[in-house]
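Take a look at the structure set out below.
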Amino acid sequence: MTQESQYGKWTLSDSDDDVVPPTPPKDLKKPNTKLDPERKTNVVHTAPKPKPKSEPSPEHKQTSEPTFKTEKISAPALGSEARQAAHFNRINPVKHENSSSPAVKRKRESEEGGWDLSSSDDEATSSTSKTNPKKPVKSPPRKKVEDKRPPSPHGASYYKEEPSDFFEANLSTMNHTYRFYLNKVTGIEKKYNTGALHIKEILSPMFGTLKESVQFNYCFDIPWMVKQYPPEFRDKPVIIVHGEKRESKARLLQQAQPYSHIRFCQAKLDIAFGTHHTKMMLLWYEEGFRVIILTSNMIQADWYQKTQGIWMSPLYPRLPEGSPETAGDSPTHFKRDLLEYLRAYRAPELSEWMERIKEHNLSETKIYLIGSTPGRFQGADMEKWGHLRLRKLLSEHTCPVQNAEEWPVIGQFSSIGSMGLDKTKWLAAEFQRTLTTQGKASSSSSPGTSMLLVYPSVDNVRTSLEGYPAGGSLPYSIQTAQRQLWLHSYFHRWKAETSGRSSAMPHIKTYMRASPDFSQLSWFLVTSANLSKAAWGALEKNNTQMMVRSYELGVLYLPTIFNMKTFPVEKNIFPVSSSSTGFPVPFDLPPQQYSGKDRPWIWNIPYTQAPDTHGNIWVPS
Ligand code: GNY
């Protein structure tokens, strides 16, 4: 039940039995690698149509679009190009014209159109604009866009350089209470980047003398990744854990050809439409060992002008020689659970790392691990992964609160899967029930508890730092959206004045429960998991089986571990105060409901009525 698309693999977290497999905007292309001769010149490629599917499956219902069906069938094998294309945001930007002339609206006229941008952006080479197949339509004499960067989003010469001190974290200006950080964003006021982390800082000697590392992720630009390591650590062994198969796997391996220190571990994805979304670094130092769990892909676009979340563990010291492997666990059982998560890969490449972890003391960990791994789970195993894992932890480790039904739950994410015909199919019956679990009392408070979902509106994207190309990382498709208009009544805008990140679109995913006045949190979760059944799991067989498609990973904060009843919400998270005990929620509370005019961002429809921050419109072909 596979089929190749010339887009390459598509793997979507929102791909599901009753999901319309997302189709990338047609001119999204896989980024070329360094070894691709076309990369440097940003040659435009055809965006060929997916091949017809090879084999139908009774497991997957026919969807409204044959091409999607095609891609859906091949989903596990398909994801890569589309995804990478998405990351490189190669939907044609077209300059806005006040009058929407046919020329402006015209889609890519030729199958040859499309961006094909460098996947390795540090070494800016040729101008991206010359390779734009569809010449951006000249803007009329309207307000000049101050931005001198090429119109091609995320191309080689697109990124604005930051002064080198941008990448120098100042440990004294960081609050380590929660060890939860945002990424540094280019183009926002400096104060909003204090206490935030760039990948170069995470990998810097300031956090340890690196010996070896493992990078778990979804999308990799390997040449770019290598440059994020400091020169002195650049040739230390790295294992890349990924979910690529077939052609996209070959391309990934090809990218690493010049780097003999890089090895690969392919995560098994035996369930259709599963994806390896987990984003984690394992860093082994002279001084010990550290774990980073985050939301950013290993590509420059994800570390530039998006909002991302990062949990950085403490430095874990080595245990005394001969300690039992059960030693050095935390009250949150992070060590046990991390080893259990890694065990689920059943990958020989990870076994020496598991042994290494066993030799370290992880007892200072204050978060709970919440992972998803693909499979169908029954009995006690049903609570190992996904939303039932979250439900179990909330049930065992949160205290019932007064008027629990008045404490809203909040979900914030950057992509959305198919939720079915109405809320009773999964959202309310399973997911909301989990989020509203509060202590051991039966969680029947869910129906009365409000659930606020935060997802960028079209205007959020249009007015963002990246402009419409930010929407390339918000892959909610029209095919999915139009089947669940009921869902959109839950939606709230992305607004983050408190963190200075209203204009940095979220790629972070967070879930939490707040007090009625939003001044306190009962718990907080940052994760790779979007709002989808593939990520969080769905009950089957009369609730006796939990089916999970993807790998996901996140960290859960519970107040008891911090000797608190609830977390106070930090009102002014930037500039960071190193002593604050308030929780740095990355967006503004209470969330602001969509106005009557707001629409959720959908990535594969055109937006031509208003220009974005770079003077472009959005015309997916
Ligand atoms: C995963 C993404 C729909 C797929 C191809 C997609 C598009 C755009 C961004 C994506 C992304 C991830 C991820 N799939 O950021 O794991 O971060």
Can you pull the one-decimal nm distance between simple spin-label points at K425 and R599, each 7 Å off the Cα toward Cβ? 2.2
Using 0.36 nm times the number of residues separating N542 and H176, minus their current alpha carbon distance, what extension gain do you get? 127.4 nm
Would you mind ranking S418, S519, S579 by Cβ crowding within 10 Å, fewest neighbours first? S579, S519, S418
Residue-wise HN-Hα coupling along the stretch 249-256, computed from phi with Karplus coefficients 6.51, -1.76, 1.60 (Hz; x: Gly, Pro): 5, 4, 5, 5, 5, 4, 4, 8
Sites E286 and S519, calculated FRET efficiency, Cβ-Cβ separation with R0 51 Å, nearest 0.05: 0.70
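Give, as a single signed number, the net charge of other residues whose beta carbon lies under 10 Å from the beta carbon of S323, with Lys and Arg counted +1 and Asp and Glu -1.
Taking every Cβ under 10 Å from that of S323, the sum is -1.
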Mind giving me the nanometre distance, one decimal, between the label points for Q482 and I271, set 7 Å out from Cα along Cα→Cβ? 2.9
Other residues with Cβ under 10 Å from the Cβ of D302 give, with Lys and Arg +1 and Asp and Glu -1, a net charge of +1
Around V401, what is the net charge, scoring Lys/Arg as +1 and Asp/Glu as -1 over all other residues with Cβ under 14 Å from its Cβ? 0
Under the definition of Cα pairs under 8 Å and six or more residues apart, what whole-number percent is the relative contact order of the stretch 524-590? 25
Most exposed first, judged by fewest Cβ atoms within 10 angstrom, V401, V569, V555 run V401, V569, V555
May I have the extent of the alpha carbons of the stretch 320-441 along their three principal axes, as whole Å values ordered from largest to smallest? 54, 34, 30
Please compute the volume of the convex hull spanned by the alpha-carbon atoms of the stretch 381-456 and report it per residue in Å³. 105
Given K160/K306; K268/K533; K306/K423; K236/K366, the pairs whose alpha carbons are separated by over 23 Å: K306/K423; K236/K366
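What FRET efficiency comes out for the pair Q254/E364, r = Cβ-Cβ distance, R0 = 56 Å, nearest 0.05?
0.90
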So for K279, K423, K597, fewest C-beta neighbours within 10 Å to most, what's the order? K597, K423, K279
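Laboratory data are not the source of any read-out in this text; all were calculated from the coordinates shown. Keep in mind it's a predicted model, so treat the numbers as computed, not measured. Virtual Cβ from ideal backbone geometry, glycine too; neighbours counted across all protein chains shown.
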